[in-house]
Each structure stands twice: as structure tokens, then as C-alpha cells.
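Taking it in order: structure first as C-alpha cells, then the write-up.
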Amino acid sequence: MSNQRQASSASQTPHLSPAELSYLYTSLSLPKSPIRPDGRSPTQFRPLTAESNILPGTNGSARIGFADGTQAIVGVKAEVEKTVLSTDTLASSEGGEGEDSTSTSNSAAASGHGSWVQMSIEIPGFRDDDALPVFLSEMMRESLVGSVADGGSDGGGDGGGDGDVTMAGGLKGRLVINKRWHWRLYIDVLLLSQPLSYPLPLLSLTTHLALLSTKLPKLKSQGEEDPFFDDDWEVAEYLYPRSSNLKAAGNASQYVRPPVTLLVVSVGENIIFDPSREEIAVADAVLAISVTRDTEAGNLKLLSIRTVDPPSRLTQPAVPNSENVNMLGATAPTEDIAVLNPATGEEEVPGVWRPRRGGVKRSVIANMVKTVLKKGGVGEEVLEGLEGVEVE
Amino acid sequence: MPLDTSTTYPLTRLRLDGRRWNELRLLQAQISTNPASSGSSYLSMGNTAIMCSVHGPAEGRRGEASGAAGSAGAIVEVDVNVAGFASVDRRRKAGGSDKQSSRIATTLRAAFQSHLHTYLYPHSTISIHVSVLSADGSLLAAAINACTLALVDAGIPMPGLLTGCTSGMSGSASTPRDPRNDELDPLLDLSLPEEQELPFLTVGTTTCVPVGENHMEDEEEETKVAVLNMDSKLHCTYIETMLAVGMDGCNQIRELLEGVIKGSNRG
Amino acid sequence: MNDRRRVNGPPGGTRPPVYASLLQSGTGADTRAQRQRQPTDLRKIFLKTGLIPSASGSSYLEFEPSASLAAARSNPKSLIPPSSALKLACTVHGPKPLPRSAPFSPNLVLTTHVKYAPFAARKRKGHVRDSSERDLGVHLETALRGAIIAERWPKSGLDITVTILEAEDDRWWGDVPDSHDASWGMMNVLAGCISAASAAIADAHIDCLDLVSGGVAALVSDDSTDSPSALPKLMLDTDPAEHRSIVSACVVAYMPARDEITELWLKGDSSKVSTADGDQRSGHEALIDGAVDAARGAHTVLAEAVRESLQKTLGQS
């Protein structure tokens, strides 16, 4: 347990022998066509079951179960809160009558604040303030509040929204009710069992679904009044607006969507998506890439990249026969010739596992991002898959 | 007029949610919901929804189960987590667990430690993880039922199903009971608003599986109370009624749970 | 989490007094710090190792205050300094044996703590590490673990503690706190932490693949008032107090000898960028390359500081 906590971001240190690790690495790093333990293609995801709107007591909720049995439940709750104008804002709007100060205070009230979205992640076996839950929640919150739909908040801040399909100012702007009131969004993520692999994809997809199903009650008050809402839950509006009349599928893809965070690993020259626990254990580099749909261009937009500490750095090294005292004299000397591994730039004996060292080349990172973002790439595939869930 | 059970019940003989005094809420349950655990269950009683997963019996962590305590039998660990979105207003957490969930965890641990045949698994740990997805009263009772189902799913031997239920009185019941003018009724399976205004207790009972011929006839006698928990103030003359109603509720729930277990055929 | 062990200050924190006369002259752009450096110029870094004798390795890092700060000091218009500069101290304890209760580890077990001093930022920080500090700790751990040759110390632990004495601002203090609330200053802090920790590890004589150094680059759209359609520009080593709007930023931990990145943290919208003609890179690639350039700059300082520390130890023996 203490080891788990120390190995914060790397989730769990895998319990694989050096020989197994070496075998996995060799088969996954085969040039052009990696062989994955479960026979998937590099960009193929594992099957999952998903349902949304499962908890009537929340504004939005979703459950996703991965094929390996791990499940996550996300509940979203929204509360109305008074916008606290800081002393700075008051001072500047009172003191300075210049255009500059008034325009900044206006934009502040219209654009919302990132701290209005609160996220907490519960993982069995971890405390709230352990490194893994904190890192995961910061990672997901960062891309959520950062996903401003279009450049600049000049689109006008009628965030109350009468079914408008675009979302000015992104999620933050949507939470603004008027200058004095706003919604506060609590996203509680519950992992139902100890994570078997790095739980980020599971949590991110579940959060995405929950946010898609989140509804806020319809606002009945207008302008700067104290807000009051329609009691009828039937007329409540989606947090991420969508038009009721279903248009062509090509058009539907242009709506604002919550971001998704994908876990991408590189093994040798290969780039592998949705890694299983064994695959992540031998990865050279692990990247969490958050993307969302760009409403203007209709393609995908990068929101954030974070490296995740690859667990392969913590693995046990193997001993080549030439250094093994038990094998002294038993092997032919030609067997152990160290060769230069092109991926790591180090001398290695083939088939003898070394924990990974060093980082990742820039070209590899660029390649990983490209695979996610490109037209018809993995990112679009995932978003389309998730859009299919809420139709049912 | 405030809308609560203590005022509406004497007038209509119906509770806030339209139930009569002896009616349970809709109980739905499922087992084997989570393939990643040894046993798991989902149980909802009205708007209270609980997921429970059991891991083990497995080798305990170093230093815990290997001591003198572990040699006698398995150690039951219970971890209760009330989700932030479970109640009407989001619970603001002050870090880690709160009082309510740790109390439930302690009660569950004590109940199942003595209930299960732990002597079959020395030096091992049975860990139970309870997630409350939606809280609307009778949390402890629902948690007991969910744990029982998950433990059955995990195949851990126990003498009988341990089921829990709450019962309360339809008024404050602070004066001695008057047998001639008895206007207070006992209530079964309280919801959260009722729990907040009325005195109530949680009772958990178990039966031994009848073994042999002489156990067959008096099944009534074989019901044992395993959990009894009351936090509210009440005149002692009412206890017996409440206990009887609660135990009757437990028996009803036991039949429902048996149906769930028998109905689910795991391949 | 509440800190119950100490007598804490008021929850909202305290602020220096703001006088109306100062505000009137100070709301405009004249007291807002302006970037004086070229887009590719870095701030000077002061880095010295071995200042804490009780630790096995230590370093102290300081960024040169922006030119605007010096100007504001010489000709004060406001009592509040326009920007702050990073100052941090890093200590390394170990390698030392793991406690008996810890499970076996074939590698050096790295633990990183990043803590802001309560007075480090304009808003007071508590004594208990908050989520942003824990987050920084994880980033730092990832950055360093790639550089340290961990299998040379089985069953050992290494504690790295960074105390931030003065943190970078997230925005200009006069801006409304909501105007852009992303914590851009944290990225500069992380870059400083990486460089300082790297120097301290070298000072503790722990084998590394290379000196890993941190660098920050950002896409900045400053003159949005003139032409709203202007694309954001790439700047290295940005001081968030000097810019009106940072669109996206990136911090890397970089090992020049191997041309490898051990830690990458990029956030914000990097889809639009004004690049030179013929530059085919997309926004995020330009950003990463910029951050790597900044890290290369920091590496020269780092190498010099480590050489100095080595000469000192050689002179002692």
C-alpha cells in the first residue's frame, strides 16, 4: 500500500517478471505491426458498457464498465451560488472610470471562473489527498475549464441560453447566470474497485458522458434579478446545449462537447491506444492527451498534454547471462552481444529487460498527438462512440 | 401546515410517500454487478441506492492478518463511502471519511465479523467496499442487505442471510404508551425525511439454516438479532412494538433477497 | 483540508492597502508591466548549489526580476510591485535506506514535495499542501525519475523537497482575478523546480543520464485591442504579469544530451499561432520546441552551477 502511494502517478508497480516484460516489449515494439497481448490493433479500444442518467438525484450521471471489470460512476451536481466580487474588482470599477477597467470587469462577470467547477475523485485504497487522485482530478478539471468554445468572449454572454447551439465562453461561460449569481458544478467521480490499469481513460469517458447528460433547471428570472427556476424538470436545459430537432449526423458533430482525455503510450516506434495494465507496464512514454471538438473548424482541438510517469521505470531489471554467476561457463559467449536500441539509444542485450530510462523524443510526441487529432483519427472515433451512447 | 409524516399520518393513515405503516419501499437488487471483484451487488430500497463489492478472502496485508488475531479466522474490513452526490445537497467533505460513514462501517464490520464463518479462512482478509450512490434513509439497513448479497455472491459461508430494516413510531413517542388510546403506529422502512423527524431504530436479524428434523418446526424461534442500533429518544414502552415490526420487515426482506439470489443464475 | 494545528490568518488573506489616488493613475496600461525582452530572450537565472549543509544536496534558484520591476522600484507609482520573480530552494536527502516497513524496491524510490511558503504568493498559502502543490510534486517526480539512474540504488529512498519562497504571479495583480484564471505562474514555478532539483541532485552526487532542465514557452495575444484577429505569438520564458492574455503555455523537462523530454505539460488552446513564413509546425509543436529552447538556455546555467559545485568539493578534499 505504501508503495502504491509512493508510485503516485504510475498507478501500481506491475507484478511482472523481467522475462515477461521483455517479451511484452519485444512484441509491442515490432516495427509497423505491434502484437498486443489481446490481439487488438494499436488504435483499437477495449469494449465497454456505458449508460447515462442512472441517478435521479443528480443533475447528470453516468456509469461505464470496462471489459476488465473496473467500473466508474460519475455524478454531477449543480448549486446556485452568489458570485463573490473581489475587492479588486470593486475597487477598480469604482475608482477608475476609464474604459479599460469597466471592460475588464464586464468580461470577468461574463467569462466565469475556473474554480466554479469542482472535481473530486474517489479511488478505493487511496486517500483523497494522495498524489494519484489529485493528479487525475487536476488533469481532467484543467481541460474542462480550459475548453473555451471559440476564441475570445466577444460572442456575447447570454449564457442563460435559449437553446443556442454554440456555447459562448465554454463551460465557464455557461455557468454564469448573471453578474451576481452563477452555478457551481460538483463533479464526483467514483471508482468502484481498485484500478487494474491506469484509470484515466475510464474516468475521463465517464465524466464526459455524465456532463453530456447534465441538465440545469430552466431559468425563469431575467437579467440581474435573483435567479429562480422552473420547477418542471422536463423543460430543464442541457448543460452542453444541443438542438432538439436532430439534424444530419455531419451537423450534429459540430455541437460543443466536453473534452475527453485519452491515454496514449509509445513502445519503441509504435503508438498504442487504450493500453492494458501489461502494456502500460512496458511503455517508453505515457501521455494523457485531452481533446475536444473545435466548433468553428469542425475538427479536433488539442486542450492539454501531460506526461504520466511510466511504470516501466520502476520495474526490476534482468541480468544478462554474461553477468549471471549461476550461468558462468554455461553459455556460448556469442549469445550476449549488446546492441544499440534505436528507441532508447542505449546498449542492450536483446531479450534482457532493463527498466526504461530517459524521456521521449519530440518526434514521438508529435506523432502521438497527430494520431489523436487527425481527421478520422482516434479522437474522432472515441467522440463518435460516446455520442452514440446517449442516443439510446 | 408542514408536510411531514407526524402530522399527515394521524389524519390519513398514510405516510408522506403514500405508504401504509407496514409497507416496505420498492426493493430492487442484483448480484454479480462488478466482474472485477469476488462478489458484488447493487441494492436499492426506494431512493436509497448502494453498490457493494467484496474482495477476498485473500491473503491479508503484512502485519495485519498474520498476527494473533488473524490466526483464529478471517478479518473483515469494511470501507463505506458516501458519494458526494448522494444526498439532495452536495456534501462538502472535510477530507476523507465523515462520522456517518465511519459509524456505518464500524457497525457493519462488527456484524459481519461475528456473522460469517470466518474460522474457515485463517490469516486472510475479507474486504467489503460499500458505495452509497443515493441516500434516502435506512442507510445502515440497506448497507447490511447489500453486503449480505455481495458476500453470498462471493461464496463466503454464513449461517443465514443477515438482513436489516428500520422501524420507527409515527410520532415523537415521548410519553408512556397508553393501551386504551393508542394513536401512534409503528412504521416500517423509514425514508430520510421520516428519519429526521421521528424516532427510529435499525435492526438486523439472521436465521440459522434449518439443519436436521428438530429444527424444522419452530422457525420463528431461530431468528436472531445481530444488529440493533438506535440513536433517538423514545419512551421504553414503545421499543417492543418497534422491534417486532422491524424484525418482521427483516423477514420480508430476507424473502426478497432469497428471491434475488435464487433468480440469478451465474453460469 | 483544514489546518487545525496552527493559528491561521484570516481565510481571505490580507492585501496591501490600495489608495484611490494610486488606482486612478494606475488602472491604465502605464503601470502594467510590459515585456522588455525579445520573444526569445530568457530571464537571467541565479543558481547556486550546496547552500544547505545539512542536506546531501541542495540548491537555490532565483529568476531575475523583470525589467519592469526594477523600473517600478526606481520610480514607484504604486506600493505594490508590478511583478514577482521566482525564488526557490531545493534540498535532497539521500540516498538513504528505506524504512523497514516499506516493501522491497529494486530501484531508488523518489519522493518529491513541493511547498509554497505561506508568504510566497500574493494570496497566502496554508501550511498544509493543497492540490496544486501536490500536482506540482507529481510533475516534478515524473521529470526527475526519467533522468535518475534508479537501479543503482536498490532498497533506497531519495527525498526531494522544494520550498518556494517567492512564486510567479498568475496574472498582473491589477487584473480582475477572474479575467484569466488559469494558473500560468505554476508552469514557471515547475520549470524552476525542475532546474533547481536537477542541480541539487547533481550536488548530492546521484548518477543521472543528463542534467534535466525546465523551460517554459507560451502563446501570447497581447495586443488584442488593436486587431482582434491577430494570432497569438510564441514567447519564451513568459512572466504572466507582463502579458494581458496568455492563450496557452507549455513546460518541459528536457535532457539536451539525449534530446529527450522527460516531462511535458501543455495546456490551453494552441490551435492558432503566428509563425514565420515557411514554418509548417502546428501550434503545439511550436510551443514544445519553444519550451525546449528555453530549457536549453536554462541548461547552460545549470551546467555552470554544477561545475562550480564540483570545483568547490574538489577544493575541499
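Below, the figures for the structure above:
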{"quantity": "Ordering of A:229-238, C:303-312 by burial proxy (mean other Cβ atoms within 10 Å per residue, highest first)", "calculated": "C:303-312, A:229-238"}
{"quantity": "Rel. contact order, % - alpha carbon contacts under 8 angstrom, at least six apart, the range C:44-316", "calculated": "20"}
{"quantity": "Peptides ranked, highest mean first, by Cβ atoms within 10 Å: ranges A:122-133, B:19-30", "calculated": "A:122-133, B:19-30"}
{"quantity": "q = 0.11, 0.14 Å⁻¹, the range B:79-175: log10 I(q)/I(0) [Debye, one scatterer per Cα]", "calculated": "-0.40, -0.62"}
{"quantity": "Partner chain coverage, peptide A:53-62 - average Cβ within 10 angstrom", "calculated": "4"}
{"quantity": "Sequence-separation-based contact order of the range B:5-263, relative, with Cα cut under 8 Å and 6+ spacing, percent", "calculated": "21"}
{"quantity": "Area projected by the alpha carbon convex hull of the range C:44-316, averaged over all directions, nm²", "calculated": "17.0"}
{"quantity": "Taking A:Asp226, B:Asp189, B:Asp136 and counting other C-beta atoms within 10 Å, the order from fewest to most", "calculated": "A:Asp226, B:Asp136, B:Asp189"}
{"quantity": "Charge dipole of the range B:5-263 about the Cα centre (unit charges at C-beta), most positive-ward option of B:His117, B:Ser87, B:Asn22", "calculated": "B:Ser87"}
{"quantity": "Value at 222 nm in deg cm²/dmol, rounded to 500, when DSSP H runs of n ≥ 4 in chain B each add -39,500 (n - 2.57)", "calculated": "-9000 deg cm²/dmol"}
{"quantity": "Relative contact order computed over the range C:88-181 (Cα-Cα under 8 Å; 6+ residues apart), in percent", "calculated": "50"}
{"quantity": "Positive-end extreme of charge dipole, the range C:44-316 - chosen from C:Trp184, C:Ala204, C:Leu236 (charges on Cβ)", "calculated": "C:Ala204"}
{"quantity": "Cα gyration tensor of chain B - equivalent ellipsoid semi-axes, whole Å, descending", "calculated": "33, 22, 17"}
{"quantity": "Within 10 Å of each Cβ in C:139-152, the average number of Cβ atoms from other chains", "calculated": "5"}
{"quantity": "Distant alpha-carbon pairs in the range A:167-218 (separation over 16 angstrom), percent", "calculated": "55"}
{"quantity": "Nearest-20 debye value, the range C:44-316 charge dipole, Cβ charges on Lys, Arg, Asp, Glu", "calculated": "1120"}
{"quantity": "Order by protection proxy (mean Cβ within 10 Å, highest first), peptides C:119-132, A:187-200", "calculated": "A:187-200, C:119-132"}
{"quantity": "Counted charge near C:Ser58, where neighbours are those whose Cβ lies closer than 10 Å (Asp, Glu -1; Lys, Arg +1)", "calculated": "0"}
{"quantity": "Cβ-based charge dipole, the range B:5-263, positive-most Cα from B:Thr5, B:Ile156, B:Ile50", "calculated": "B:Ile50"}
{"quantity": "Net dipole in debye of chain B [+1 Lys, Arg Cβ; -1 Asp, Glu Cβ; about Cα centre; nearest 20]", "calculated": "1060"}
{"quantity": "Inter-chain shielding of A:66-76 (mean C-beta neighbours from other protein chains, 10 Å cut-off)", "calculated": "4"}
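Each value in this text was obtained by applying a stated rule to the coordinates, not by laboratory testing. Please read all numbers here as calculations on a predicted model, not as lab measurements. Quick reminder, even Gly has a Cβ in these numbers, built from the backbone with ideal geometry, and neighbours come from all protein chains shown.
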